[in-house]
Structure formats: structure tokens, C-alpha cells
Number of protein chains: 2
Amino acid sequence: MLNELSNVAALIDAEIENDDFPSAVKPEYLRLAVRDYPCHGGKRLRPALLLWSCGLVDGEIDHAIPAAAAVEIYHNWTLVHDDIIDNDSVRRGAPTTHIQVADYAAKHFSAGTAAADKFGRDFAILAGDIQQGWAVNMLLKSAERGVPAPVTVALCRRMQELVNRELISGEALDVEFPLRGWRNIGPDEVMRMLYLKTGALLRFCTEAGAAIGTGSHDFSEPVITSLGEFASSAGIAFQLRDDWLGIFGDFDKFGKSIGADLASTKPTILLLKTFELIGESDRKKLESLIGLPEYTIEQIETVRKLMRDSGAEKYVLDKSAELSAKGRSILMCFEDNRYRQLLLELNDYLVSRDK
Amino acid sequence: MLNELSNVAALIDAEIENDDFPSAVKPEYLRLAVRDYPCHGGKRLRPALLLWSCGLVDGEIDHAIPAAAAVEIYHNWTLVHDDIIDNDSVRRGAPTTHIQVADYAAKHFSAGTAAADKFGRDFAILAGDIQQGWAVNMLLKSAERGVPAPVTVALCRRMQELVNRELISGEALDVEFPLRGWRNIGPDEVMRMLYLKTGALLRFCTEAGAAIGTGSHDFSEPVITSLGEFASSAGIAFQLRDDWLGIFGDFDKFGKSIGADLASTKPTILLLKTFELIGESDRKKLESLIGLPEYTIEQIETVRKLMRDSGAEKYVLDKSAELSAKGRSILMCFEDNRYRQLLLELNDYLVSRDK
């Protein structure tokens with residue numbers, strides 16, 4: 001499966017690299033910013049979900065390639081705007097878009113720090129805006145590659161009505177949490193936020209693959225909705241596994257990143273569930289261990305014990321296993337073929353990985 | 001014509017008001033921000049251009065209504081992001097989106113000023129992002145209202161390949177000018193920026209109207225390209241008239257806004273052309289009159305004399321008249337009907353208005 005995933009990545013890398021949408025963008029450093037994240041590679045999990053879902057229903061994989069490239073570009077524009085909002089300076093080991101443009105402005109226009117920073121953020125807003133248009137345009141190219149025009153229209157509407165609205169609403173709720181104070185947020189609320197912010201695009205990937213594969217433009221058909229359920233379940237299961245690894249992962253494999261969620265006071269479901277389940281004195285102990293600049297093994301062990309003894313760890317692992325099993329049972333309703341096998345393996349991989 | 005324009009505005013207001021795209025947006029104050037600018041009314045010049053172009057080629061006006069609403073929503077998302085970038089606090093007499101959300105955060109989350117301001121900007125980025133998706137979705141609704149799916153796909157691709165790329169590139173160049181120092185910018189460069197920032201969407205309006213009206217999905221057809229030329233010419237003519245009115249307009253009608261472009265050191269074509277044409281000592285005189293907080297009638301008269309004697313005023317008025325005549329001659333190639341008459345009157349109005 002990981003080998004097949006690499007093949008998908010190579011295919012999508014080439015599709016995005018060779019697309020000429022950014023070519024008309026001016027000035028040149030904005031054009032480079034528009035290409036930067038989408039052309040940076042990555043695992044390309046979303047395109048794989050889309051292509052394999054198309055294959056699962058015996059569709060022509062080739063017809064689904066523009067849509068698979070589109071979801072990746074879509075994902076990337078949301079990252080560009082997220083990175084401005086989160087003040088992040090590094091993404092995939094390189095400077096984020098707003099930092100890159102700020103550096104350019106400082107160098108080429110001799111702008112002072114504040115002016116260069118603002119210029120970097122302004123251009124990153126515009127770069128993400130263009131990327132959103134690029135993603136839409138790439139999806140519409142499906143009509144040139146064997147997808148009937150009415151299906152293409154339906155796909156593009158679904159991209160707006162599902163992904164645009166829900167993903168951005170999820171991001172908004174995530175931005176709101178710190179202002180509300182994370183102690184006022186419950187685990188169920190975080191779960192709902194994740195279904196929007198992470199789940200909507202994943203759901204679209206499998207839905208789009210199934211729609212292209214079956215030639216349907218009705219997103220309420222059971223084949224399409226059930227594959228959508230599979231993807232959003234798998235995505236949340238993945239996220240829960242991620243939260244768990246961030247505390248219970250292997251110190252030798254992760255080093256400092258164990259505890260990073262605690263250091264950044266990220267309201268994970270694991271943490272919020274622990275707060276919900278523990279008593280007053282343990283709550284104070286746990287609170288004193290949140291937001292530290294660094295964590296010793298002993299401190300992590302204290303947190304682990306609180307999470308384990310409270311039942312929060314079990315809750316998160318059970319929930320993750322339950323979602324994974326749900327995904328598996330959905331896939332098992334489809335006839336067996338190599339794409340079903342790939343999706344089953346992907347579903348397992350997402351919740352069993354240890355890094 | 002102005003009466004017909006009001007009818008268009010009422011039609012488009014209702015179409016946007018009643019569209020349910022924003023209804024699924026969370027949280028509620030983000031939903032309100034998404035609806036705010038598009039539902040605020042206005043002259044709705046862009047929808048009128050689109051609908052009347054459809055009527056000009058004997059198309060069904062009714063089929064073009066979703067597209068006409070879409071261009072208005074599209075225009076508004078670019079304003080939301082522009083207002084963040086320009087730090088503008090007022091739009092159409094009301095607080096801009098980022099200011100509104102900042103006020104909300106200060107009140108409801110007891111956020112400090114800096115945190116509330118950042119929250120306002122972050123949410124305004126997200127509101128504009130959703131509006132871009134809303135505009136795309138509205139355009140795609142054309143397929144439900146009598147526009148064939150292949151034409152709908154072509155319209156939506158044109159929206160990305162023309163409007164998204166060019167409009168945002170134009171905005172980027174406009175943002176770049178102050179960092180480069182406006183004395184390093186020539187009038188031709190500003191003209192090119194305007195063709196992108198203002199001209200691209202206007203061009204799309206007439207092209208889309210003609211494509212819907214003729215049922216064509218080939219944007220290289222002469223009927224479509226010539227109407228596109230008309231709109232971008234009319235738009236630049238309008239802008240040149242605007243620049244001229246900002247200096248040579250009637251003091252009694254405009255009061256303080258005469259000189260506002262000078263006060264804000266806006267690099268208008270009128271100003272840059274004057275600099276291009278005058279000698280060294282006049283240049284120093286003109287420079288000393290730029291960026292003042294207020295202007296007396298005598299100071300404005302000095303600027304007017306420099307602009308008039310240099311030939312820059314004549315250049316701008318001639319250019320504006322030439323573009324308007326070009327637009328007129330394009331329209332005269334179409335058969336006469338009431339929509340041609342409306343477009344001719346609109347074309348005249350844009351360059352003859354004195355306020």
C-alpha cells in the first residue's frame with residue numbers, strides 16, 4: 001500500500017507541477033508563492049483516497065486525476081491561510097508563505113520589519129485566494145478528461161457546499177477556542193470541530209472518487225454517502241491516534257515532540273476528556289503540567305498516569321478503534337478488488353502507525 | 001437607464017438575500033460576516049452589465065440571474081480581503097468586516113485590543129474565503145436555471161482563469177506600489193494594474209452575459225471578446241474620470257474629497273502623467289503639494305494649473321473619451337434593442353458623471 005501511495009504521489013506531483021494555472025500570476029514572487037505549497041510534495045493521502053475510491057467502484061482512474069490534484073491544491077490553500085492565522089513560521093521544514101514573502105520584501109524593497117511582515121501576510125492572503133481559484137479550475141478540468149459536464153458541475157458544487165463551508169467553519173471554531181479559554185470547551189465540541197475542519201475534505205475525496213467512478217451527480221446515493229462516511233471516520237480516527245501518540249508515543253522515536261501538544265495548550269480530545277473524568281485535586285495537578293516550555297520524562301509519566309487512570313486514554317483508543325472498524329465494515333460492503341484492498345490497508349495504517 | 005439599474009439592484013438584492021449558502025456557516029457571527037457586504041445593496045453595476053449583455057444578444061435574462069448575483073458576491077469577497085490589506089475601517093458607511101468581528105471579540109470574549117484586532121482580521125480572511133466559494137457556487141447554479149452544463153463549466157473556468165488570476169494579480173501590484181515608492185512607478189504601469197484589478201471582473205460580466213445569451217462556451221468567439229473589450233474599456237474610462245473628478249471636480253459638490261487622492265499619495269495616472277511631463281522646478285513644487293493633511297482652494301488651483309499646463313489633464317480626458325468612444329463603437333456593431341440602448345447610456349454615464 002505504501003508503495004502504491006508513492007505512485008499516486010508521483011502522479012499528482014507531476015499533474016500539479018505541469019498545470020499552467022499559476023503562469024499568468026503577477027508579480028513573479030506571488031506566482032512562486034502560489035506554486036510553493038502545492039508543488040512541495042507530501043504523502044498525497046487525499047488524492048489517493050479519491051483515486052482509489054474511483055477504482056473501488058470500477059471507475060476509470062484516469063478520469064479522476066484532475067479532481068485528485070484539485071483536492072491537494074485545495075488542502076494547500078487552507079494551509080497558507082491557516083499559517084497566517086496561527087503565526088506559524090515553518091511548514092514541512094521550510095519557511096511558511098507569509099515568512100517567505102516578508103523576507104523577499106525586506107531584501108528587495110528594503111522594507112522595515114513591520115512593513116515587511118505585513119507585506120508578507122498580505123501577499124500570503126492573496127496567494128491562498130489564487131490557490132482556491134486554482135483548485136476550482138483544476139476540478140473543472142475533469143470535464144476535459146472524460147467526466148461528463150453535469151457530473152463536473154455537481155462535483156464543483158459539492159466542493160463549495162461541503163468543503164468550503166464546513167472546512168472553513170471548522171477552522172473558525174478552532175481559532176475561537178483560545179479566545180473562549182480552552183477550559184470552557186468540551187471534548188464533544190472538539191470532535192465536532194474536527195469533523196468540519198479535517199473530515200469535510202476527506203469526505204469529499206471519497207465522494208468525488210465514487211461520483212466520477214459511477215458517473216453519478218447525485219451525492220445522496222448510498223454508494224457515495226457510505227464512502228463519504230468511511231473517509232470522515234478514518235480521518236477522525238487518524239486524528240485521535242495522533243493525539244494519543246503525542247503523549248503515549250515512544251520517546252526514542254519522537255523525542256521532544258512528546259508533550260508538544262501540552263506545551264502549546266492544544267485542546268485535544270484526550271486532554272479534555274481527562275479533565276472531564278478526573279477529580280478536583282488531579283485537575284489541579286494536570287493544570288500545573290500544561291503550557292510548560294519543556295517536559296521531563298517524569299512529568300510526561302505523571303500526565304500519562306492521569307490520562308490512563310481516568311479512563312480518558314481508553315476512551316480515545318476505543319473511539320479510534322470503533323471509527324476504524326466502522327470504516328472497515330463500510331469498505332467490506334463493496335466487491336473485492338485491488339482498490340478495496342488498498343483502502344482497507346490505508347484504513348488500518350492510519351490508526352496503527354506508531355509515528 | 002438609472003431607473004432600470006434600480007430594478008436590477010432590487011432583483012439581485014433579493015437573489016443574494018434569499019440564497020441559503022451562508023446558512024451552514026458556523027459560528028453565527030462568521031455567518032453574519034459572510035452575508036454582510038454582499039447583502040448590503042449598492043448600485044449593482046456588474047450584474048447590470050451581465051444581464052444587459054445577455055439581453056443584447058437576445059438571450060433569456062432569467063437564465064443569467066445566478067451569474068449576475070455571482071459576480072456581485074465575487075466583487076464583495078475581494079473587498080473584504082482588500083479592506084484587511086488596506087487597514088480600512090469604513091466601507092459604505094459601516095464598519096469593515098475585520099473591524100466588526102474585532103468589536104464582537106472585544107465584547108463577547110473580553111479580548112484585549114491586540115487580540116481582538118487579530119481575531120477580527122483572521123475571521124475576515126475566513127469570511128472572504130467562504131464568499132469566494134459562495135460566488136463559485138452561485139455561478140454553478142446557472143445549470144439549474146436554463147444554462148447548459150458545458151456552458152456552466154466554461155463560465156466557471158473563465159471566472160478562475162480570467163477574474164481570479166488577473167484581479168488578484170492587479171491587487172498584488174497595487175499593494176506593491178507603496179513599497180516600491182510611487183515615484184518609481186509610471187502611468188502605463190498603473191494602467192496595466194487597473195486593467196487587471198478593475199477590468200478583469202467587468203470583462204467577465206459582459207462575456208458571461210454574452211455566453212449565456214448565445215449558449216456558447218467558447219470565450220474566443222468575436223461576440224464575446226468584443227463585449228469583453230467594451231466592458232474593460234468602459235471600466236478604465238470610468239476610473240480615469242474618477243481620477244479627474246478628484247482634482248478638477250466641483251468644490252461645492254465634493255468639498256473635502258477634492259484633493260483626497262493627493263493627501264493619500266495615491267499614484268493616479270493623472271498625477272504620474274503630470275510628473276512625466278513637467279520640468280524639474282515644477283516637479284519640486286508638485287512634490288511639496290503631495291501628502292498634505294488638508295488642501296486649500298489655492299493649493300488645489302496650483303495643482304490644477306500644473307496638471308493642465310503640462311498636458312496631463314488633456315491626456316487623461318482624451319484617453320477617457322477614446323475608451324468611451326471605443327466602447328460605443330463596439331456596441332453599435334450589435335443590432336439595436338432596448339439592452340443596447342441601456343448599455344450605451346451606461347457607457348455615456350460612466351464618463352460624463354460629475355459626481
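The values are calculated or read from the model by the stated rules, or taken from the named source; none is laboratory data. Remember, predicted model here, so these are calculated numbers, not experimental data. Positions of Cβ are generated from backbone atoms using ideal geometry, with glycine treated the same way; all protein chains shown enter the neighbour counts.
Only residues that are facing chain B (nearest Cβ under 10 Å) and either in contact with a Gly (Cβ under 7 Å, 6 or more places away or on another chain) or closer than 15 Å to B:LEU173 by Cα (or both): list them for the range A:81-100, please.
Answer for the range A:81-100, where residues must be facing chain B (nearest Cβ under 10 Å) and either in contact with a Gly (Cβ under 7 Å, 6 or more places away or on another chain) or closer than 15 Å to B:LEU173 by Cα (or both): just A:HIS81.
Can you confirm whether the range A:337-344 contains a residue that is touching a residue at least 12 places away in the same chain (Cβ under 8 Å) and closer than 19 Å to A:LEU262 by Cα?
Among the residues of the range A:337-344, not one is touching a residue at least 12 places away in the same chain (Cβ under 8 Å) and closer than 19 Å to A:LEU262 by Cα, which makes the answer no.
Could you list, in sequence order, the residues of the range B:259-278 that are over 23 Å from the mean Cα position of the chain (by Cα) and in a helix (DSSP H, G or I)? Break it down into steps so the answer makes sense when it comes.
First, the residues of the range B:259-278 that are over 23 Å from the mean Cα position of the chain (by Cα): B:274-278.
B:THR274, B:PHE275, B:GLU276, B:LEU277, listed by residue number.
Would you check if there is a residue in the range B:188-210 being in a helix (DSSP H, G or I), within 12 Å of chain A (Cβ to nearest Cβ) and in contact with a Phe, Trp or Tyr (Cβ under 7 Å, 6 or more places away or on another chain)?
To start, the set of residues in the range B:188-210 that are in a helix (DSSP H, G or I) comprises B:188-197, B:199-210.
Still in the list and also within 12 Å of chain A (Cβ to nearest Cβ): B:189, B:192-193, B:195-197, B:200.
Still in the running and in contact with a Phe, Trp or Tyr (Cβ under 7 Å, 6 or more places away or on another chain): none.
Within the range B:188-210, not a single residue is in a helix (DSSP H, G or I), within 12 Å of chain A (Cβ to nearest Cβ) and in contact with a Phe, Trp or Tyr (Cβ under 7 Å, 6 or more places away or on another chain).
For the list (1) among the hydroxyl-bearing types (Ser, Thr, Tyr); (2) under 25 Å from B:PRO47 (Cβ atoms); (3) surrounded by 13 or more Cβ atoms within 10 Å (Cβ to Cβ), I need the number of the one condition that B:SER329 fails.
All conditions are met except number (3).
Of all residues in the range B:111-141, how many are more than 27 Å from A:LEU126 (Cα to Cα) and either facing chain A (nearest Cβ under 9 Å) or part of a helix (DSSP H, G or I) (or both)?
Of the range B:111-141, the ones more than 27 Å from A:LEU126 (Cα to Cα) are B:111-112.
From what's left, either facing chain A (nearest Cβ under 9 Å) or part of a helix (DSSP H, G or I) (or both): B:111.
The qualifying residues number 1.
Note down all Cβ pairs under 6 Å where the first residue falls in the range B:246-262 and is modelled with pLDDT under 85, the second is of a type in the set (Lys, Arg) and buried (at least 19 other Cβ atoms within 10 Å of the Cβ), and they're at least six residues apart or on different chains.
none
Could you tell me whether any residue of the range A:168-177 is farther than 25 Å from A:LEU56 by Cβ, within 11 Å of chain B (Cβ to nearest Cβ), in contact (Cβ under 8 Å) with a residue 40 or more places away in the chain and surrounded by fewer than 19 Cβ atoms within 10 Å (Cβ to Cβ)?
So in the range A:168-177, the residues farther than 25 Å from A:LEU56 by Cβ come out as A:168-177.
With the extra rule that they be within 11 Å of chain B (Cβ to nearest Cβ), the set shrinks to A:168-177.
Applying the additional criterion that residues be in contact (Cβ under 8 Å) with a residue 40 or more places away in the chain yields A:168, A:171, A:175, A:177.
Still in the list and also surrounded by fewer than 19 Cβ atoms within 10 Å (Cβ to Cβ): A:177.
The answer is yes; a qualifying residue exists.
Of all residues in the range B:286-303, count the ones that are surrounded by 15 or more Cβ atoms within 10 Å (Cβ to Cβ) and over 14 Å from B:TRP182 (Cβ atoms).
Looking only at the range B:286-303, we keep the residues that are surrounded by 15 or more Cβ atoms within 10 Å (Cβ to Cβ), and these are B:286, B:289-290, B:295, B:299-300, B:302-303.
Next, from what is left, pick out any that are over 14 Å from B:TRP182 (Cβ atoms): B:289, B:295, B:299-300, B:302-303.
Of the residues in the range B:286-303, 6 are surrounded by 15 or more Cβ atoms within 10 Å (Cβ to Cβ) and over 14 Å from B:TRP182 (Cβ atoms).
Of the residues B:ASN164, B:ASN184, which is more than 20 Å from B:ILE236 (Cα to Cα) and either modelled with pLDDT under 95 or crowded, with 21+ Cβ neighbours inside 10 Å (or both)?
B:ASN184
Would it be correct to say that B:TRP182 is in contact (Cβ under 8 Å) with a residue 60 or more places away in the chain, more than 9 Å from chain A (Cβ to nearest Cβ) and not aliphatic (A, V, I, L, M)? Break it down stepwise before answering.
On the way: in contact (Cβ under 8 Å) with a residue 60 or more places away in the chain: yes; more than 9 Å from chain A (Cβ to nearest Cβ): yes; not aliphatic (A, V, I, L, M): yes.
Judged against the criteria, B:TRP182 is a match.
If I filter the range B:271-328 down to residues being touching a helix residue (DSSP H, G or I) at 6+ places or on another chain (Cβ under 8 Å) and among the small types (Gly, Ala, Ser), which single residue comes out as nearest to B:GLY259 (Cα to Cα)?
Filtering first and then ranking leaves B:GLY291.
State the number of residues belonging to the range A:201-223 that are out of contact with any Pro (no Cβ under 9 Å at 6 or more places or on another chain) and surrounded by 23 or more Cβ atoms within 10 Å (Cβ to Cβ). Outline the logic, then answer.
The initial filter retains those residues of the range A:201-223 that are out of contact with any Pro (no Cβ under 9 Å at 6 or more places or on another chain), namely A:201-204, A:206-214, A:216, A:218-223.
Still in the list and also surrounded by 23 or more Cβ atoms within 10 Å (Cβ to Cβ): A:201-204, A:206-213.
Result for the range A:201-223: 12.
Residues of the range A:154-165 being more than 7 Å from every other protein chain (Cβ to nearest Cβ) and under 16 Å from the mean Cα position of the chain (by Cα), which ones? Lay out the reasoning, then the answer.
At the first step, the residues of the range A:154-165 found to be more than 7 Å from every other protein chain (Cβ to nearest Cβ) are A:154-155, A:158-159, A:162-163.
Listed by number, the residues that qualify are A:MET159, A:LEU162, A:VAL163.
Could you look through the range B:142-181, keep only residues that are assigned to a helix (DSSP H, G or I) and among the β-branched types (Val, Ile, Thr), and pick out the one that is farthest from B:LEU51 (Cα to Cα)?
Kept after step one, since they are assigned to a helix (DSSP H, G or I), are these residues of the range B:142-181: B:142-144, B:149-180.
Filter once more, keeping what is among the β-branched types (Val, Ile, Thr): B:151-153, B:163, B:168, B:175.
Values: B:VAL151: 16, B:THR152: 16, B:VAL153: 19, B:VAL163: 18, B:ILE168: 24, B:VAL175: 32 Å.
For the range B:142-181, the residue satisfying everything is B:VAL175.
Show the residue pairs that are 6+ apart or on different chains and have beta-carbon atoms under 6 Å apart, the first residue being within the range A:64-88 and without any contact (Cβ under 8 Å) to a residue 12 or more places away in the chain, the second being in a helix (DSSP H, G or I) and of a type outside the set (Ser, Thr, Tyr).
Once the first residue is without any contact (Cβ under 8 Å) to a residue 12 or more places away in the chain and sits in the range A:64-88, no partner that is in a helix (DSSP H, G or I) and of a type outside the set (Ser, Thr, Tyr) comes close enough.
Name the pairs: first residue in the range A:27-56 and without any contact (Cβ under 8 Å) to a residue 40 or more places away in the chain, second residue buried (at least 24 other Cβ atoms within 10 Å of the Cβ) and outside any helix (DSSP H, G or I), Cβ to Cβ under 8 Å, at least 6 apart or on different chains?
So the pair list comes out as A:ARG31/A:VAL25.
List the residue pairs whose Cβ atoms are under 6 Å apart, where the first residue sits in the range A:130-156 and is farther than 18 Å from A:GLU207 by Cα, the second is of a type in the set (Phe, Trp, Tyr), and the two are 6 or more positions apart or on different chains.
Once the first residue is farther than 18 Å from A:GLU207 by Cα and sits in the range A:130-156, its partners that are of a type in the set (Phe, Trp, Tyr) give A:GLN131/A:TRP77; A:GLN132/A:TRP77; A:TRP134/A:PHE21; A:ASN137/A:PHE21.
What are the residues in the range B:143-153 that are of a type outside the set (D, E, K, R) and either more than 9 Å from chain A (Cβ to nearest Cβ) or surrounded by fewer than 19 Cβ atoms within 10 Å (Cβ to Cβ) (or both), if any? Write out each step before concluding.
Step one: list which residues in the range B:143-153 are of a type outside the set (D, E, K, R), which gives B:143, B:146-153.
B:GLY146, B:VAL147, B:PRO148, B:PRO150, listed by residue number.
How about the range B:279-355: which helices (runs of 4 or more DSSP H) wholly inside it have at least 3 residues that are within 22 Å of B:LEU2 (Cβ to Cβ)? Let's see the steps before the verdict.
Numbers: elements: B:280-288, B:297-310, B:312-332, B:338-352.
In the range B:279-355, B:312-332, B:338-352 are the helices (runs of 4 or more DSSP H) which contain 3 or more residues that are within 22 Å of B:LEU2 (Cβ to Cβ).
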